[in-house]
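Only one structure is covered here, and it is reproduced in the block below.
The values are calculated or read from the model by the stated rules, or taken from the named source; none is laboratory data. This is a predicted model, so every value here is computed, not measured. Here Cβ is always computed from backbone atoms with ideal geometry, including for glycine, and neighbour counts include all displayed protein chains.
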Amino acid sequence: MPFERPHTLPRRRPDEAAPDVRRTPHTDVRALAGAMGNQAFGRYLAREAEAAQAAGADPERCAVDVCAVPTGLGANHLFIVYTNERGVQYGYRAGPDGGGKYLGRLAGGVLSYIEIDHGLYTAETFQDYDPRAASVRALSGSAAMGKGDHLADELIRIGDAEIKYEWYGPNSNTVVSHLLTTCGIPRVSPVPSPVGWDAKLFPPTDEEREQGRGGAEGSSGEGPSGAGGASGW
């Protein structure tokens, strides 16, 4: 049996001193297992493990930051960093695939398609990782909890759509703008007027046509953002 009941102590005479039996965590576990049965005890351990794991979770740690790094072409490239309830950070980005899937790698994203990427935000796992990147906090606390999954799902949908990359948009900054709007996150940028910010990734929906809007990316933003300019990639 995986768990044994504690051995029964030998009977003693009335005039004998009680033996010095010290309870230990090990004997307590054995007794608990014997009382509950192995299957119930297994469920108990699983619940205890989940509780211990959840103890390190704090919704107030959650945050969504929009970051910008300069490119070699004198522009700025945006990406998103999400911090979950345990303080683990994930990055979400897009950029030109270099034409690699179709006509070979070409400079400036010519004849390229938008390529997406997301994963742990570390120097080893995320190509845009830069602790010195300009950033602005778009959302924090419990309001940001779970946004990482929404960002990943929408980013994958963008990648599957095989959208043509254009220097002035749609580009990587268009993707960030779209992700913020679609995932219910304030549309903010750490740099003014990033190129592609107001471009469209997808044709407008019927509802947007009825409202006279060109698409989600065209809606007005909050914070230091806007259309036009030469600060984007």
ask   = If you go through the stretch 154-177, how many residues are of a type outside the set (Asp, Glu) and in contact with a Ser or Thr (Cβ under 6 Å, 6 or more places away or on another chain)?
value = 1
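Would you mention how many residues in the stretch 169-203 are part of a loop (DSSP other than H, G, I, E, B) and over 18 Å from Gly146 (Cα atoms)? Please lay out each step first, then the result.
Keep residues of the stretch 169-203 that are part of a loop (DSSP other than H, G, I, E, B), which gives 169-171, 183-203.
Keeping just the survivors that are over 18 Å from Gly146 (Cα atoms) gives 169-171, 188-203.
Count: 19.
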Verdict on Glu217 being of a type outside the set (Val, Ile, Thr), over 22 Å from Pro59 (Cα atoms), modelled with pLDDT under 95 and part of a helix (DSSP H, G or I) = yes
task = State yes or no: is Leu155 buried (at least 21 other Cβ atoms within 10 Å of the Cβ) and farther than 20 Å from Gly119 by Cα?
result = no
ask   = Inside the stretch 110-156, can you point out the residues that are basic (Lys, Arg) and assigned to a strand (DSSP E or B)?
value = Arg137
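Please work out if Glu162 is more than 13 Å from the chain's Cα centre (by Cα), at pLDDT 95 or above and not in a helix (DSSP H, G or I). Show your work before the answer.
Details: more than 13 Å from the chain's Cα centre (by Cα): yes; at pLDDT 95 or above: no; not in a helix (DSSP H, G or I): yes.
So Glu162 fails the test.
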note = The residue from Gly91, Gly119, Gly108 that alone is modelled with pLDDT under 95 and in the same structural domain as Leu180 (by TED's automatic domain parsing) is Gly108
